[in-house]
Amino acid sequence: IAGNQDAFAKNAWVLETLELLTFGRPTLNAFDTNALPATGMTLEYPVIESNTIRTAQQAAEADPLQFGKVSIGSASTPVLTQGAWTAMSFQAAQRANFGYVNLCMEALVNSYADYTNEYVVSILEAGAGYGAAAASSTSQSWAEAVGSSSIQIWTGTKRRPQFILCSPSVWLIIAALHDTQDRPLLAASNPSNNPGSANLPGMTAGLYGLPVVVDTALTDGKCYIANSRGIQTFESPGAPFRLSDQDIVSLTQDMSVYGYMASFVYQPEAIVEVTVA
């Protein structure tokens, strides 16, 4: 039925979509997500232009306190419509001896997850004003990178780093950290004196108290240590939506998924870009 967003079993659709989106959008999900307002073609958000507030001791009773002012401007980003569609014959939809419709819907959702995640990656990689750190293939260099990033993020935002976000090539460097005796430092069995742990099949790791988020959509060699406030993504609640329509003349069925979304760098001081050599 045209315009029906629940043409198939709603509960199964919702659960499966949530699972696909959770695993398919590592960068988007690492940062803050919010509900997109119901109307509007652009999303306006506040920007602190200057802050002269400085606390000081009161000189004497009844004397004025230290005066300061926060100047707030605004910026905006477009609300994008993102989606895809496919078509199938009634015969394939109704008589295939496998879940043809479900496979098509899964492909549509996977495509939506990939595109929306890649969009946030592009926002992240094009951003400016980030902190800087460096690391290599030694545990000491990563300790210095995490420590330096913690200082920079705390100084700029009064927040703590929450995760390491990196491309697969950087994750392989982290997962392969060894000591001077060629013993793995991130072994799954968590030996003593190790700085973290790694799950190679699961493409996960933890390093100095921070989860390592791996994203194949990141440019090779990219790595960030960040707080989730660094990037804000606003998405329509319940997205991706789906629509279906039927052509009774050609006996075909069309299906689409789509959603509305806007993303922007909100606090660049909450992100540190790590150069990995």
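Could you please state, rounded to a whole Å, how far the C-alpha centre of segment 226-277 is from the C-alpha centre of segment 137-177? Value for the Cα centre distance between the two parts: 27 Å. Placing unit charges on the Cβ atoms only, positive for Lys and Arg and negative for Asp and Glu, gives segment 123-227 a dipole magnitude near 360 debye about its Cα centre. Here the mean projected area of the convex hull built on the C-alpha positions of segment 135-277 is 12.3 nm². Between the beta carbons of N199 and E125, assuming R0 = 25 Å, the FRET efficiency works out to 0.45 to the nearest 0.05.
For segment 159-169, backbone phi angles converted through the Karplus equation (6.51, -1.76, 1.60; θ = phi - 60°) give residue-by-residue couplings of 10, 10, x, 10, 6, 10, 10, 8, 6, x, 5 Hz, Gly and Pro being listed as x.
The length gained by stretching the chain between T52 and S256 to full extension, at 0.36 nm per residue less their Cα-Cα distance, is 68.4 nm.
If R0 is 25 Å, the Cβ-Cβ spacing of Q246 and L15 corresponds to a FRET efficiency of close to 0.45. Amide H contacts for F163 (H built 1.01 Å from N in the peptide plane; partners 5 or more residues away or on another chain; cut-off under 5 Å): A226. For the chain, the longest principal axis of the Cα atoms and the long axis of helix 139-157 meet at an angle of about 90 degrees. Dipole check for segment 1-155: with +1 at the C-beta of Lys and Arg, -1 at the C-beta of Asp and Glu, and the Cα centre as origin, the magnitude is about 260 Debye. In this structure the amide hydrogen of Y266, modeled in the peptide plane, comes within under 5 Å of the amide hydrogens of I231, Q232, none closer than 5 places in sequence on its chain. Centroid-to-centroid, using Cα positions, segment 11-54 and segment 206-220 are 20 Å apart.
Only helices enter this figure: runs of n ≥ 4 DSSP H residues, each worth -39500 (n - 2.57), summed and divided by the residues of the chain, yield -9000 deg cm²/dmol at 222 nm to the nearest 500. Our summary gives the chain a relative contact order of 29 percent, counting only alpha carbon pairs under 8 angstrom and 6 or more residues apart. 3J(HN,Hα) couplings calculated from phi for segment 71-82 with the Karplus curve 6.51 cos²θ - 1.76 cosθ + 1.60 (θ = phi - 60°) are, in sequence order, 9, 10, x, 9, 9, 9, 9, x, 8, 9, 9, 10 Hz; Gly and Pro show x.
Here, each number is a calculation from the coordinates, and none is a lab measurement. Treat the numbers as computed from the prediction; the structure is a model and nothing was measured. No Cβ is skipped: glycine too gets one built from the backbone with ideal geometry, and neighbour counts run over all protein chains shown.
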